[in-house]
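Structure first, then comments.
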Amino acid sequence: MQKIILISTLFIVLLFTACANSASSVKSNTSKARFQSVSIEQATLLQKGKDQTSCVICGMNLATFYKTSHAADTKHGTRQYCSIHCVVEDNELNKTDLKNLRVVDVNNLKFISALDAFYVVGSKKPATMSRTSKYAFTKKSEAESFAKEFGGKVMKFYDAYDIATKDFTGRR
């Protein structure tokens, strides 16, 4: 009988220890933010309405993927995207007429003209909606510095856009 009580007690102690370690692991994993993420207070949300915090194409949270966020104007207002991938989907597949395309600068978190931006494509930082990461910078020197530290190739918007279209090969 004492053996059963000892084994039961040991089992309960091990169970509580495992649960405590699991809860602590979940807490530490969720407290680590993604590289792409900012707080909702840091994010500039350009679109209006009840879904203003979500990508218009995939529904992903814009603050969570803010450093890859893009925006464009349409005849129905401003649309915001979690990534260049969703811009390509809206423009190429949905045939939405996009104007005044903007992207978030990774360093200052402000929207800049996508056509004037310098993209680092293929860095070691995580991608959004793609296997190939694409991050934008106002200054070429900042993009080069990022690429030196994290890998990737510096290029202009149309080259990054062309690479993003390859995500849709075979879907057209």
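The values are calculated or read from the model by the stated rules, or taken from the named source; none is laboratory data. Everything numeric here is computed off the predicted structure, so don't read it as measured data. In this analysis, Cβ positions are derived from the backbone assuming ideal geometry, glycine residues included, and neighbour counts consider all displayed protein chains.
Given the criterion more than 23 Å from Val38 (Cβ to Cβ) and either of a type outside the set (Phe, Trp, Tyr) or in contact (Cβ under 8 Å) with a residue 40 or more places away in the chain (or both), identify the matching residue among Tyr135, Tyr66, Tyr161, Tyr119. On inspection, the qualifying residue turns out to be Tyr161.
Against the definition (part of a loop (DSSP other than H, G, I, E, B), of a type in the set (A, V, I, L, M), modelled with pLDDT of 95 or more and not assigned by TED's automatic domain parsing to the domain that holds Glu142), how does Leu46 come out, yes or no? So Leu46 fits the description; yes. Considering each residue of segment 138-159 in turn, at least one proves to be part of a helix (DSSP H, G or I), at pLDDT 95 or above and in contact with a helix residue (DSSP H, G or I) (Cβ under 9 Å, 6 or more places away or on another chain).
Here's the yes/no breakdown for (1) in contact with a strand residue (DSSP E or B) (Cβ under 9 Å, 6 or more places away or on another chain); (2) surrounded by 13 or more Cβ atoms within 10 Å (Cβ to Cβ):
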position: Val121; (1), (2): yes, yes
position: Ala127; (1), (2): yes, yes
position: Tyr135; (1), (2): yes, yes
position: Glu142; (1), (2): yes, yes
position: Lys148; (1), (2): no, no
position: Lys153; (1), (2): yes, yes
position: Ala160; (1), (2): yes, yes
position: Asp167; (1), (2): no, yes
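The number of residues in segment 76-87 that are modelled with pLDDT of 95 or more and in a loop (DSSP other than H, G, I, E, B) comes to 2.
Evaluation of Ala114 against the conditions (1) touching a strand residue (DSSP E or B) at 6+ places or on another chain (Cβ under 7 Å); (2) surrounded by fewer than 23 Cβ atoms within 10 Å (Cβ to Cβ) shows that the sole unmet condition is (2).
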